[in-house]
Every structure is written in C-alpha cells, then in structure tokens.
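As structure tokens, the structure follows; a few thoughts come after it.
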Amino acid sequence: MADSFANEPTPLRRSGLRRRRGLALAAVIALGVSIAQTPIAAAADTPVFRPVGAAPAVPNGAVRLTEPQADQPVRLNVELAPRDPAALQAFVTAVSTPDSPQYHQYLQKGQFAAVFGPTRTTIDAVTTALEAQGLNPGAASPDGLSIPVDTTFGNAARALRVGFAGYRLTDGRTTYANTNAPELPSSVAGVVTGILGLNDFTKPVAQHTPGTRTVAAPKGSVQPHAAQPNVATPSFCSDIKNLLSSNGLTDTQDYWEPSTLSASYAYNTAPLYNQYGNTGSGVSVGLFELENYSPDDIAAYESCFGLRTSVSATKVDGGPTLPPDMNTQVGLESALDIQTVAGLAPGVGIKVYQGPDNANSTQYLDVYRRIVNDDAVQVISTSWGLCETNAQAWDPALLSTEANLFAMAAAQGQTVVAASGDSGSTGCYPVGPDNSSLVVDDPAAQPNVTAVGGTRMTLPSGGSSVVQSTWNTPGEQPGASGGGVSQYQKLSGAGNFQSGVQGAGYSNVCAAAAGTTCRQVPDVSALADPGTGYLTAFGEDTNSQYWTIIGGTSGAAPLWAAIMALTDASGSCAGNGAVGMVNPALYQHANLLTDVTAGNNILDGSGYTGNLYSAGSGYDLTTGLGTPKAPALVEALCSAKAASVGSSFTPVTPARVLDTRSAGPIGAGGTLKLPVTGANGVPSSGVTAVVLNVTATESTDGGFLTLYPDGQPRPASSNLNFVAGQTIPNLVTIPVGSDGAVDIYNRFGTVQVIADIFGYFTNDGTGYRFHTSTPQRLLDTRNGQGVTSGQATPVGTGGVFALPLTDTAGPGNTGPLAGAAALMLNVTATESTDGGFLTVYPSNVARPASSNLNYVAGQTIPNAVVTPVNGSAIDFYNRFGTVQIIADLFGYYSAN
C-alpha cells in the first residue's frame, strides 16, 4: 500500500518527464523552485570502491618517464550521467524528426538541468563522496553533468586510487596518464561516467590544409568597400582580385570567393540574399576554436567584401595565449572559419569560443560545455577533432562526455556541424597506431552532429554548371574527404536517421545488434580541395596583408554552418522554429542535395592498400548525401511541420501495478517481467506504450534501472539512476512488448521497485494529443498562490488540498481547462515535517492507492506528474506531517 512509503530514505530530486522514442509525449519540465535541497545520507564509514571507466591505452612508441610530481596541480572533471539517457535521446529524436508530433518543441534556455541533468541529490552525493576522499570539488556545471576538481597529482592518486606515469610521445610531446582505472565508492560509482584530466594524451587538431598559394597585398593598397545592403551578395574588391590575377590565380578555377561561391549552381545561396533579403540576420553562429585569431585579418576581409559582420570572442579556461602567426599557422583555422561564415551569411553574429592552445581533453570539452550551456547561438561549427579510435583508447571518458553535450545541444534546438577530417578513410593518419586502418573522426561521428565531408569543385571555362567530385589530393601533403563507419557510435529505432541508407563498403564494425546500425560518416559535403579552395585573409607584417588559398573539411563545415544560419533566419523557420539537429530532415530531403558520384577517399601515402571508399549514386562514405542546393533545401528544412497523427494518450485512474517489497527485491543483474495491459483500465491489445511512475528504494548499491519492452533486447541505457540507500521516483513512458509486458533490469546490488500506472498510448486515434503551454505556476502554498479563502496551508496529515483549475492555457481559454483530459505538471514537496508522500488525482473520484512523490522530513523533491481531469479541480493528498506544495503546468492532453 502507498502508506508504507512513510519512512523511506531521502529520494533523489526529480523534475523531468521521460519520453520514449516515437511517442507524442512532452518532456519539457522545468523546475521553478528556488529552495534549498537536503543532501542524501552519508555513505558508510568504510565504503566499497568500484572502478569507474578504464585506464587509457598508452600510444604506440611512447617512452615511459617519471611520474608527475606529487605537488603538481591538476584539473579534473568528474562527469555524471544524465538522469535518464534513454529519455534524453528519445526527446532529441522527437524534436528533430519531421514526422514527430513534438517536432521543434525544444527545451527553453536553462531547462536542461531540471529536465535531464543529474538530480541535485545525485550531485550532492558525488560531491560528498569526493570530499570524503580528501578532494575539494567545485560547483557543478550549469547542466549538472560535470563537477570540477582542482587538486594535485598526489591527492588525486590517493583519493581515486590510481597511479601516474609520465610519457614522451612520438610527436615530441611530454605527457602523463593514470596507470589504472580510477575508483570511487560504489554508492556513487554508478552515476559517474568518467573522470577527465587523469591523462593528457589526446590533442585535437584543426582539419585544414596548409596554405597552398599566398599573395601579399601592400598595406594601404586596398580601398575599403562600403558595407553592402542586406539584399546584396558580398562583392569582391577589385584590388585583391587583380592582385590574384596578376599572380596567375583565377576565381572558380584556383579559388572561390563568397560572391561566386554563393552564386554558383552548386550552392546558389544568392537568391536568399537578393530575392528574400536573408543574410542570416538575427541568428548567431558559435565557432569552436583552440587558438587566437587576428582582428586585423578579419578587418581586412570585411573591408574587401564590404561586410560589417559582428565577431566577438569568449575565452574558456583562460583561452589561448599564443599570438596568430603565419609561420606556425596559429590563427589560420579561426580566420578560415570566421571568414567563410561571414562571407556566406554576412548578417549573422559570430561568437568565437576559444580554448587554450594545445588543450587537453578536459579543456577541449570545457569549450563545448560553455557553448552549449550558454545556449546563445543557434548553430555550432567545429573544425577540430581527432580519430575516434585514439579518442576512445587514450581517454575513455571523452566520447561519452561529448555525446551528452551534443544531445543537450540537440534538445535545445542547436545545430552542430563538424568537419569529417582530412585523412580520407584512414582517419588516424598520420598519428598512429592505426594510421593505415579504416577509422572515422570524432566529433563528426557523433550521432547528434552533422558530419561534413569534402569535394573538389571547379567551373569549366565558358560553362555554367560546376563540376564536383570527392576531394582527394595526393602528393607531399595529401588530403582527402574523411568518411567511413564508426566503431563506437550506433543508431537504432526511431533515432536511426540512416535507416535504409548504406554506403558502399559498409560493415558492422561497431558490432551493432539486429535493428541497429553503425553510424556512417559523412552526412553531407562541401568544397574542401585546397587546389580550388577558400580565399582567406591571414597573416601580416609591417608592410603587407597576406591572402592565402586553403582547403580541408574545416572549410566545408563553416560553409554548412552558414547555410544552416540562413535556414534559421528564413521566414519559414521563423514560424516553425530553428532546424536544430538537422540530420533526420536532411535524409528525408536527400533529393535537394547534389549527389557527388565521382572519386574516392583513399588517402595517398597512408599505407592503406584496400579500395574503400568510393563515391557513387546515392549516399556514399566519401561525400554523404552530397552538397547543398539552396534555396530549395532551406525552404524544405523550414517548411517541415510536426505530424498531426501518431500515438495518442489515454489517462487512467492511477493504480499500483508493482511493489516488490512484498515478494523480495530485484538482485544485481536481475530482470523482472511486469504485465501492464489488460487491467487497471488498460486495454489488452492495441497498446503501444504505458506511462509508469517508477520508484526505486532500499537499494544496497549505487546503480540504475532500465525499462524496456518484454521480448526485445535490453538497450544500453537507463531510466532511473540511484545511489545506495536512496528512494527516487521517475515518470517513465515505455513501449510494451507484443505480450503486453515490460521488463525491469537492475544493474547493481539489490533494489525494491514500485510502479504505478497513469495511462497508455495507442495508434488508433482514440486517445488525446499533447499540447505544450507556456510554463506557469498554478499553486504555491508557501505564498498563497492558488490558495483560496478557508484553505489551510501547509497541508496537514491526511489533508487534501483542492486546486481549482482556472484556465489560462487550456483549449479555448474559456474556463476550467475546457476539453483537457489530463494535465502535465511538475509537483514539488518542500518543508515537510515528517516522511510521507503526495498523491495527485481528480477531485471527483476516490483517492487512488498510489503515490506521485515520496519524501522524508525537511526534504525538497519534485517529480513529473500526469493527472486525469474529470472536473473543475484536482486534489493533492498528503499522508503524514505538514508539507508545502508547488505545482507548475507545462502542458495538457486534449482531443482538440
């Protein structure tokens, strides 16, 4: 019975709704409560330790040196799992897929932590565990996914039970690394995905080629051009054009400048400027960089093309210190990125996020974390990366940390584009040990990133149509379009935007299970060949400003970023929302890209002797779907709308369907089968998914629960994470198996599980559709909001608080949420004087024997709640003590 929850340990904080793939259920739950949280009880005096992650592999050829000095400072980031990784990715799929009812219903700025980030109690538990080991952790990042720790190697070794060693790598760098996996108390180890900063093997590199041809323009010889009207394509200054011509360099043959690039049939962005006045105004592009840039280079470029594009810099972790330099090429990548975006989308705002020179993995990821948490740009472009096998081997926490950050970006509606690499099908070339193996680059291979490959593009003399082929330059400085099959990233279910798409040469190198495929790279492509590359202002001395022609997929990525910015700025997207994680839409509109069918990406000199990969008709592993055709692609991406059909929801009177405390807990690695159809108001057939409020309690170890359809393979994800001894609830939407059952898997220790059912989904159209609403507070008993005369607050033992449903967000806005069948609420209990629980239910029905959230005295805990509406009020029942209640409305279900 529900009453047995009265004296449970402190639950984890909960404020997010779980949404499974393909279901029209909102997951936009924000917590608007600014009150202190009570940490969980301290772990045992002699905790059991468990490894977190793995030790890094030592790069081939590394020479072992002495370990770092014990008093030498080191910065660590303790990375935490989202509270429900499966629900996070399901939400990303829902808001990114054009045929989803939730298409473009992104999280609002600052909502991620409350909806998908680790709970406050989880963060506090990990912080307390670190402190107990003698470390001094800082405040968690805004997303809640990372806890910084500034310490020394000696303290880190003792606290995390690791050894350290120094190494000299074959590239001459002196590095360090942990010699074994770090260990944490088992009570929190299950919620920690890895610890960054224990080694510095990884070194991301820019994916550009060296400047191939450079000319010097005497300072003062170039006359500034007036800024062009917003409806005009940027115009190339004759001074530089003539200078290039005198050096035998011709536009469209040896290089492409913005006006010819935008006017070419290949991209054809010019009509966006000239016919629609779209220059990207109102949209911001964020550039990921690990170097400084020269403002003089940017000024020279803007002066030549008559631009006034706003460019600003944000330094992360202190930022870079080395000045731009032609000889070392510091600043070349930044110049290329800034100028490519400005030239093709002159009205955008460009925000350059700069990490330290020679950044380690901690600093590298801190830059992405800052960009995503700032949420100040709609498009993110990165031309830096490393081959994914080295990333995984040298820093086992890197790929998973990136994945969480890019999922957060997608959930917020940010588009991320990344260069696919310049080493063809052998992504680790020239850095060993797998420099002749088929490998793709990271972060391009991340599923929530759009990977951009490279092409060669020329305009034949006297011709009107460009000729495109796969970029592949042999010689002393070879380069080719990065592409292939990921060994680590997989796509499955509704989130598999590459379903039915298989490039020639594909193989199951990621060991994908049935119904799952390995991520293929690239998705799209653009100009990258330095032989027909980008004209860039880079480098100066006392007398001259230099202009150089460069290439690489690091030019192709910002080109796509510019086109995505133009897309977001278009009139259609203004009404339907930013394109966000654009991969599903791109694969649906492959006909609006130019299919590149010639060439291969077998890199000259790599040592690879096979024949993979070649371009061909349709998707391929050299140029992906092809190059963009604007404005048709822009219009198609913006005109896609959320589907009006799909799963519909039917609420039921809440009922308890599982309580293992009467029969015994689920053991470590154990699975419990739970039939959910054919009872409690749920039909025996036609049900696609059910909504359960699942609570874990009396756990003997830190771990997680995974819910999945019975009869299907268990996914590598979790629905509910907990530490030892906690009680934590979570509202879960889970598909049912063909037999009407779901399975519940427990990873570590033993745990008691309670489940209450609140509704079900069908595809027959008989249920209700979800409608989002602007978040609004309906009730706060602390200050009287929603409290009518004569109602007692706080709510006492056995008390029932009736909340009238005065409508401000429901269908028709004509009274008590007319037509609403159920409400989506975030309910918070706080200032409780005793352990107990809340039950939320319609005011005109008997109180159900279930609970929505459980708490101990003094705790503040929120949870997502779906409650049916059968009248003009809903009731909040409190079992023990007194408690203050806060309720926020985020949406409702109705037939309209």
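Key figures for this structure:
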{"item": "GLY555 at pLDDT 95 or above, more than 22 Å from the chain's Cα centre (by Cα) and outside any strand (DSSP E or B)", "result": "yes"}
{"item": "Cross-chain or 6+ apart pairs with Cβ under 8 Å, region 165-183 first and touching a residue at least 60 places away in the same chain (Cβ under 8 Å), then assigned to a strand (DSSP E or B) and among the polar types (S, T, N, Q)", "result": "GLY166/THR174; GLY166/THR175; TYR167/THR174; TYR167/THR175; ARG168/THR174; ARG168/THR175; LEU169/THR175"}
{"item": "Residue in region 307-324 that is closer than 25 Å to THR214 by Cβ, modelled with pLDDT under 95, in contact with a His (Cβ under 9 Å, 6 or more places away or on another chain) and outside any helix (DSSP H, G or I) present", "result": "yes"}
{"item": "Conditions (1) assigned to a loop (DSSP other than H, G, I, E, B); (2) among the charged types (D, E, K, R); (3) at pLDDT 90 or above: number failed by ASP875", "result": "(1)"}
{"item": "All positions within region 698-721 that are modelled with pLDDT of 80 or more, in contact with a helix residue (DSSP H, G or I) (Cβ under 8 Å, 6 or more places away or on another chain) and assigned to a strand (DSSP E or B)", "result": "THR706"}
{"item": "Some residue of region 476-484 being free of Cβ contacts under 8 Å to residues at least 60 places away in the same chain and either surrounded by fewer than 23 Cβ atoms within 10 Å (Cβ to Cβ) or of a type in the set (Lys, Arg) (or both)", "result": "yes"}
{"item": "Residues of region 666-696 satisfying the condition of being β-branched (Val, Ile, Thr) and either under 30 Å from the mean Cα position of the chain (by Cα) or under 12 Å from ILE744 (Cβ atoms) (or both)", "result": "ILE666, THR671, VAL676, THR688, VAL690, VAL691, VAL694, THR695"}
{"item": "Members of region 435-465 that are modelled with pLDDT under 90 and in contact with a strand residue (DSSP E or B) (Cβ under 7 Å, 6 or more places away or on another chain)", "result": "ASN435, SER436, THR458, PRO460"}
{"item": "Residues being touching a Gly at 6+ places or on another chain (Cβ under 9 Å) and in a helix (DSSP H, G or I) - total across region 133-183", "result": "5"}
{"item": "Residue count for region 592-613, restricted to those that are closer than 14 Å to SER525 by Cβ and in a loop (DSSP other than H, G, I, E, B)", "result": "7"}
{"item": "THR733 being polar (S, T, N, Q), over 17 Å from VAL682 (Cα atoms) and out of contact with any helix residue (DSSP H, G or I) (no Cβ under 7 Å at 6 or more places or on another chain)", "result": "no"}
{"item": "Candidates TYR619, TYR587, TYR608 - the one that is touching a residue at least 12 places away in the same chain (Cβ under 8 Å), more than 30 Å from TYR893 (Cα to Cα) and crowded, with 22+ Cβ neighbours inside 10 Å", "result": "TYR619"}
{"item": "Qualifying residue in region 634-657 (condition: closer than 30 Å to GLN329 by Cα and in a strand (DSSP E or B))", "result": "no"}
{"item": "Checklist (1) crowded, with 24+ Cβ neighbours inside 10 Å; (2) within 21 Å of the chain's Cα centre (by Cα); (3) modelled with pLDDT of 95 or more applied to ALA376, failing item", "result": "(1)"}
{"item": "Residue satisfying condition, being in a loop (DSSP other than H, G, I, E, B), closer than 30 Å to GLY484 by Cβ and outside the structural domain of GLN102 (by TED's automatic domain parsing), within set VAL372, VAL367, VAL377", "result": "VAL377"}
{"item": "Among the residues listed as GLN468, GLN498, GLN446, the single one being more than 22 Å from LEU332 (Cα to Cα), not in a loop (DSSP other than H, G, I, E, B) and not basic (Lys, Arg)", "result": "GLN468"}
{"item": "Members of region 184-220 found to be modelled with pLDDT of 95 or more, assigned to a loop (DSSP other than H, G, I, E, B) and out of contact with any Leu (no Cβ under 8 Å at 6 or more places or on another chain), listed by number", "result": "ASN199, ASP200"}
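The values are calculated or read from the model by the stated rules, or taken from the named source; none is laboratory data. These numbers come from a predicted model, not from an experiment. Cβ: placed from backbone, ideal geometry, glycine included. Neighbour counts: every protein chain shown.
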